Amino acid sequence: MNLEAINIAKTLTIGRVEKSGLIVTSILVIVNAVIGSSELAFGTAAGGLLFTANFLAIRLVVEIIVKNSYPKGFSIFAFLLKMTILIGIVFVLFLFTNINLYGFFIGVTGVVIVIIGEGLKGSKNGSL
């Protein structure tokens with residue numbers, strides 16, 4: 001059990017997409033803090049960090065499933081569990097804090113654009 005936890009921790013590395021997502025989120029937070037308001041900047045930071053962590057979790061789950069060749073049922077369960085946790089975090093975030101909705105979507109959009117850009121940059125012949 002401990003050996004599995006150590007192996008999972010070894011696979012948890014920050015990749016190119018996560019680094020770019022954090023950089024873009026930082027730039028968006030700074031711009032929103034200077035031009036907009038602190039609430040907008042906080043919402044941008046929350047959205048960007050949450051969806052960068054979501055992408056990291058997706059990558060981690062996929063690596064674990066592929067390396068250990070789990071059955072299809074477990075794979076579906078793992079992704080549904082990850083998605084349920086993400087939806088729960090977003091729900092709790094909006095329910096108990098005063099997150100700016102527009103800022104949150106600015107942060108999410110920044111990370112999604114980074115993911116799409118890295119995917120296009122990584123493709124060799126221009127097709128996905």
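Derivation of every value follows stated rules applied to the coordinates shown; laboratory data play no part. What you see is a predicted model; the values in this text were computed from it and never measured. We place every Cβ from the backbone using ideal geometry, glycine too, and count neighbours over all the protein chains shown.
Largest GNM mean-square fluctuation across ASN54, ASN68, ASN32, computed for the chain with C-alpha springs under 10 Å, falls on ASN68.
Between ALA33 and LEU120, the modelled label-to-label distance comes to 3.0 nm, taking each label 7 Å out from Cα in the direction of the beta carbon. For the chain, adding -39500 (n - 2.57) for each run of n ≥ 4 DSSP H residues and dividing by the number of residues yields -29500 deg cm²/dmol at 222 nm. Between TYR70 and TYR102, the contour length at 0.36 nm per residue exceeds the alpha carbon distance by 7.6 nm. Loop-located trypsin sites (Lys or Arg not before Pro) in region 49-128 (DSSP state not H, G, I, E or B) with no more than 14 neighbouring Cβ atoms inside 10 Å: LYS124. Averaging the sequence gap over all C-alpha pairs within less than 8 Å and six or more residues apart, then dividing by the number of residues, gives region 48-128 a relative contact order of 45 percent. Across all Cα atoms of the chain, the radius of gyration (one decimal) and Dmax (whole number) stand at 16.6, 50 Å.
Between PHE91 and PHE79, the modelled label-to-label distance comes to 2.1 nm, taking each label 7 Å out from Cα in the direction of the beta carbon. Here the gap between LEU22 and VAL112, fully extended at 0.36 nm per residue and compared with their Cα-Cα distance, gives a gain of 31.2 nm. Net charge dipole, the chain: roughly 420 debye, given to the nearest 20, about the Cα centre with Cβ charges of +1 for Lys and Arg and -1 for Asp and Glu.
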